[in-house]
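Novice: Got a structure for you, questions after.
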Amino acid sequence: MPGNVQRRNNILVVSGSDQFDAKVHKALPEKGLVFVDKKKTATLARRSLLEKRYDLVVINAPLSDEMGYDLAMDIVEEYGSSVIIATPPEIYDAIWDYVADYGIMVILKPLDDDHISKGVRFLLATQERMRLYEERMQKLEDKMEELKLVSQAKILLMEQKHISEKEAHRLIGKEAMDHGVSRRMVARSIIDSFG
């Protein structure tokens, strides 16, 4: 996030191994705000996901209560978090085939410090880009909604007050400036008063 204020990154590690947790923690970015929650089972992780949004979830497969790939796919589909799933060599290919199309990163155990560090950095950067894209989309949706409301209000003013479109536009802008409110609020008030 060059040039921007550092944003807090929430990370969930799902693992029954303290050694694995320590490796992941060591791989986290040194700069920036990173908050890590740890859960030992998929069940506890699912409960935590209901309460908090995570940017990244790291799963140490297999877990004590499931393999971990169902949890990984649920997280991607339902919560939009990025996911890394670490697997032993004997199930790596099967899990990779199962989850790769979901955008889930699969890494081989034992963990290599450099690979896990690069994976974490890459997925956190991807999450930040997605967050910025979502913000832009929300701003566009808000602007479209405002334009729609202002257009509706102008049509009502033109019909009810028998004024031109230009006069209706000017009236909405003047009301917004005079009262220190948005054009959206003025338009909503006009629509409500005639509706």
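Novice: Mind checking which strands (runs of 3 or more DSSP E) fall wholly inside the range 38-118 and carry at least 1 residues that are loosely packed, with under 14 Cβ neighbours inside 10 Å? Steps first, answer last, please.
Specialist: Values: elements: 56-60, 82-87, 105-108.
Result: 105-108.
Novice: Let me ask something else. Given the residues Leu140, Leu157, Leu124, Leu147, which is the only one that is touching a residue at least 24 places away in the same chain (Cβ under 8 Å) and closer than 30 Å to Phe194 by Cα?
Specialist: Numbers: Leu140 fails: touching a residue at least 24 places away in the same chain (Cβ under 8 Å); Leu124 fails: closer than 30 Å to Phe194 by Cα; Leu147 fails: touching a residue at least 24 places away in the same chain (Cβ under 8 Å).
Only one candidate qualifies: Leu157.
Novice: Restricting to the range 93-151, name every residue that is among the hydrophobic types (A, V, I, L, M, F, W, C) and touching an Asp or Glu at 6+ places or on another chain (Cβ under 7 Å).
Specialist: As a first pass, look at the range 93-151 and keep what is among the hydrophobic types (A, V, I, L, M, F, W, C): 94-96, 99-100, 104-108, 111, 116, 120, 122-125, 130, 132, 137, 140, 144, 147, 149-150.
Within the range 93-151, Leu124 is the sole residue that qualifies.
Novice: Now for a different question. Are any of the residues in the range 14-34 under 22 Å from the mean Cα position of the chain (by Cα) and closer than 16 Å to Leu71 by Cα?
Specialist: Yes, the range 14-34 contains at least one residue that is under 22 Å from the mean Cα position of the chain (by Cα) and closer than 16 Å to Leu71 by Cα.
Novice: Return yes when Val150 is out of contact with any Leu (no Cβ under 8 Å at 6 or more places or on another chain), within 30 Å of Ala187 (Cβ to Cβ) and of a type in the set (Val, Ile, Thr) and no when it is not.
Specialist: On the way: out of contact with any Leu (no Cβ under 8 Å at 6 or more places or on another chain): yes; within 30 Å of Ala187 (Cβ to Cβ): yes; of a type in the set (Val, Ile, Thr): yes.
Spelling it out, Val150 is indeed out of contact with any Leu (no Cβ under 8 Å at 6 or more places or on another chain), within 30 Å of Ala187 (Cβ to Cβ) and of a type in the set (Val, Ile, Thr).
Novice: Tally the residues that are over 22 Å from the mean Cα position of the chain (by Cα) and within 18 Å of Pro29 (Cα to Cα), restricting the search to the range 67-106. Write out each step before concluding.
Specialist: To start, the set of residues in the range 67-106 that are over 22 Å from the mean Cα position of the chain (by Cα) comprises 67, 86-98.
Now restrict to residues that are within 18 Å of Pro29 (Cα to Cα): none.
Adding up the residues that qualify gives 0.
Novice: Considering each of Ala125, Ala153 in turn, give the residue that is surrounded by 11 or more Cβ atoms within 10 Å (Cβ to Cβ), of a type in the set (A, V, I, L, M, F, W, C) and modelled with pLDDT under 90.
Specialist: The conditions single out Ala125.
Novice: Quick check on my filter: what residues within the range 177-189 are farther than 14 Å from Leu147 by Cα and assigned to a helix (DSSP H, G or I)? I'd like the intermediate steps shown before the answer.
Specialist: We begin by selecting, within the range 177-189, every residue farther than 14 Å from Leu147 by Cα; these are 177-181, 189.
Correct list: Met177, Asp178, His179, Ser189.
Novice: Is it the case that the range 181-188 has a residue that's of a type in the set (S, T, N, Q), without any contact (Cβ under 8 Å) to a residue 60 or more places away in the chain and either surrounded by fewer than 16 Cβ atoms within 10 Å (Cβ to Cβ) or touching an Asp or Glu at 6+ places or on another chain (Cβ under 9 Å) (or both)? It would help to see each step written out before you state the result.
Specialist: We begin by selecting, within the range 181-188, every residue of a type in the set (S, T, N, Q); these are 182.
Filter again for without any contact (Cβ under 8 Å) to a residue 60 or more places away in the chain, leaving 182.
Okay, now just the ones that are also either surrounded by fewer than 16 Cβ atoms within 10 Å (Cβ to Cβ) or touching an Asp or Glu at 6+ places or on another chain (Cβ under 9 Å) (or both), so 182.
Yes, the range 181-188 contains a residue that is of a type in the set (S, T, N, Q), without any contact (Cβ under 8 Å) to a residue 60 or more places away in the chain and either surrounded by fewer than 16 Cβ atoms within 10 Å (Cβ to Cβ) or touching an Asp or Glu at 6+ places or on another chain (Cβ under 9 Å) (or both).
The values are calculated or read from the model by the stated rules, or taken from the named source; none is laboratory data. What you are looking at is a predicted structure, and each value in this text was computed from that prediction instead of being measured. Cβ: placed from backbone, ideal geometry, glycine included. Neighbour counts: every protein chain shown.
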